[in-house]
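To start, the structure under review is shown below, and the notes come after it.
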Amino acid sequence: MKINKIVKCFSVMLSMLFLCSSFTACDTKQESNPQEAQTVRASLDSFAKAYDLNIPTKRLALVENGKTLYKIVTPKQMSSAVLYAVSELQTFLKEATTISFEIITDEGITYNESAYYISVGATSILEGAGLDTSFELLGRDGAIVKLCGNQIILGANDSDTDYGFLYAVYDFLEYVIGFKVYADTEIVYTKTNYIPLREYNSVNIPDIDLRSQYWVKTLYESNAYDAARMRLYAANRGMSTMDGSLTTLQTVHNLYTLINPEIYQDQYPEWFSYETIDEFGEQVVVSHGQLCFSNEDLMQELIKNSLAYIEAHPNETILPICINDNVKCCECANCLVEAKKYGGKQSGLYLNAINRVAKAFQEDLAGTGRSVDVMLLVYYQYLDAPSNIKAEDNVIAYMAPIDRCYKHSIDGCEINQEVYQTLLDWSKIVKKLAVYDYATDFHNYYLYLNDWNRLKKDMMIYEEVGVIWNRILANKENMVSPFEDLRIWIYSQLAWDSTLLVEDLVDEFMGNYYGAAQAEMQQYYDAWSARYMVVENMADGKYYHQYIYSSKGDFYNQDVLTRTFLNELLALTDKAQDKIKEAGYENSREKLLLDRVEMERFFVIYALMKFYSVNYTTAQCVEYQAYLDYYHNYFGIDYYREGKPI
């Protein structure tokens, strides 16, 4: 991640200071007396001196004694993301200081270093500052926080999403009030009546340009605002932003969207995949197969329909043309001959077809200022990289390594070596890579997936090979999964900055998310990690790898989940809830924290009843079953595996 190191170090130290006096958005702490305010001021000054972030000599403050000279300046016309950024800035500054910062537009305003402005969006102030906000430097989401004279500029690239301006606001809020978002229900900042003005000078660019996760709370367009607070894009069928979508088409398995068999198959059966069905060479059209990418008439129709689609959707910047969810590529004589040009790889025919659509886009959009990327899905029979072909610059290769081990990094075990090599091979022929990862066992939503250690290394590798989009498919059917909020938090942090350490992120999350139960829930997390290390060498290495389908390696059994282990976990959750009850929280905060622990406790009790019900009395079993029935409904747990309701 490209970021000013001094400011980054300062912000980390500042967060440590704020941690001593920070609570959730509904439970923050106000400085209570001048003595405390002076202590906060002295502490801030010492951190600034240590990291060479000097306060201007006239000791100007952003906020002092409940007053400010500053106004928030916006463009006259704003995208939804910039509107939201301005709202977030004003809202949380008011929450922290009680001051409602006035918002004005930049109409009639010019760049003036003596003015007291906070610029958000593509304003005349940002333009006059002459800062480099190019896409080449910042990408889609990079953010700038810069003090120019008295002016505070929160800058970004005026891109197809404008999310960079929102992230500049979040960076600035972190610098001045310790603002952090750990979950949709856990926002931390410090209340104060004094905020000194610093020599802000940071450029903060994510390692992965587009970041999305398939959990219910980060999934739909209606969740775009909460997802953005986690520095994610909401993603269901397409890629949702606050102004619509980068694409509204499903980004996997959408091949029939542009060539619909209900329209074309009767008249043009040769456009669809053929397969050989007997030793005599008889061929038939494959049901829900792929397309015959060597057929010229098909290609002309695909290009025509693709051009019509982007014309009808002028704000979209990605067109996915992604193969269907099976291994049935076309085996017609022409496809088999054409594949030989690409080392015998069907992926070569597929990439050639995508290249032709991409080229048509380049020609059609030339001089318009608009560009559209075309995306192909690197999956199953199309997984291996072809020879003798390069992708057009506006092609995204979207790799879905569904059979990899998720316990180890993509280069970290023998199972993954072939997958890693495939990623490297594609990186040599395409400039834009995307990776479709997975974060749950789709055969068992109750199972704890031990993928923590792979995340950091994977993100570092993805950045190295040029991955611009990482999308994680998780449990999108239930409202709750084991350690779901922790997973969202850690992934979102590492996708932005892969140099962070998982153990540090876990510690930070536990301290803010579980409150007084931090130690017990940290022990709960550690107990799971320790248990999975123990079972690695059991049963001749049966549990050394972990996959996203239990059919390949089932961890949900009595070998792994012994009664002793489950009772240890249950005792930790009981103790965690006791600590919360003893802490004296106000009612709504206490209930929130108790529910967070109960989410994990639920999965433990479910396993105890599944494997060890014979060890309990009938009355106890009835009581536990009533508990499970209640919390299935309370937490919105409706599916026990993919597509299978309880």
Amide H contacts under 5 Å for Thr241, restricted to residues at least 5 apart in sequence or on another chain and with H modeled in the peptide plane, are Leu246
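Indicate the gyration tensor shape class of the range 521-646 (rounded, prolate or oblate), computed on the Cα atoms with a ≥ b ≥ c the square roots of the eigenvalues: a/c under 1.5 is rounded; otherwise a/b larger than b/c is prolate and the rest oblate. Don't jump to the answer; show the numbers that get you there.
Details: a/c = 1.72, a/b = 1.43, b/c = 1.21.
Prolate.
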Quick note, the range 88-233: a/c under 1.5 would make it rounded; otherwise a/b > b/c is prolate and the rest oblate (a ≥ b ≥ c, C-alpha gyration tensor); here it is oblate
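Ignoring ligands, DNA and RNA, what percent of the 1.4 Å accessible area of the range 283-440 is carbon and sulfur? Mind showing how you got there, number by number?
Details: 2910 of 6140 Å².
Result for the range 283-440: 47 percent of the exposed heavy-atom area is carbon or sulfur.
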Given chymotrypsin sites (Phe, Trp or Tyr not before Pro), DSSP loops and at most 15 other Cβ atoms within 10 Å, the longest exposed-site-free stretch of the chain is 281-615
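Which GluC sites (Glu not before Pro) in the range 58-115 sit in a loop by DSSP (not H, G, I, E or B) and have at most 13 other Cβ atoms within 10 Å of their own Cβ? Please list the in-between numbers first.
Numbers: sites: Glu64, Glu88, Glu95, Glu102, Glu107, Glu113; in loops: Glu102, Glu107, Glu113.
For GluC sites (Glu not before Pro) across the range 58-115 that sit outside H, G, I, E and B with at most 13 neighbouring Cβ atoms in 10 Å, the list reads Glu102, Glu107, Glu113.
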Reduced to Cα centres, the span from the range 87-149 to the range 179-231 in Å works out to 17
Set Lys428/Lys476; Lys146/Lys180; Lys432/Lys542; Lys340/Lys552; Lys217/Lys390, cut-off 27 Å on Cα-Cα distance; pairs above it are Lys428/Lys476; Lys432/Lys542; Lys340/Lys552; Lys217/Lys390
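Within the accessible area of the range 519-566, what % is carbon and sulfur when the probe is 1.4 Å and the other protein chains stay in place?
Numbers: 1100 of 2190 Å².
Of the solvent-accessible surface of the range 519-566, carbon and sulfur hold 50 percent.
Give me the percent of the accessible area of the range 153-234 that comes from carbon and sulfur atoms, probe 1.4 Å, all protein chains in place. Don't jump to the answer; show the numbers that get you there.
Details: 640 of 1640 Å².
Whole-percent figure for carbon plus sulfur exposure: 39.
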Per residue, accessible area of the chain with a 1.4 Å probe, heavy atoms of protein chains only, in Å², comes to 41
Cross-link reach from Lys581 to lysines, straight Cα distance under 20 Å and at least 8 residues apart if same chain, gives Lys591
Of all trypsin sites (Lys or Arg not before Pro) in the range 127-195, the ones in DSSP coil with at most 15 other Cβ atoms within 10 Å are none
Per its Cα gyration tensor (rounded if a/c is under 1.5, else prolate when a/b beats b/c, else oblate), the range 416-512 is best filed as oblate
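The values are calculated or read from the model by the stated rules, or taken from the named source; none is laboratory data. In this text the structure is predicted, and so the values were computed from the model without any measurement. Positions of Cβ are generated from backbone atoms using ideal geometry, with glycine treated the same way; all protein chains shown enter the neighbour counts. These area figures cover heavy atoms from the full protein model, side chains too; ligands, DNA and RNA do not enter into them. Shrake-Rupley method; radii C 1.70, N 1.55, O 1.52, S 1.80 Å.
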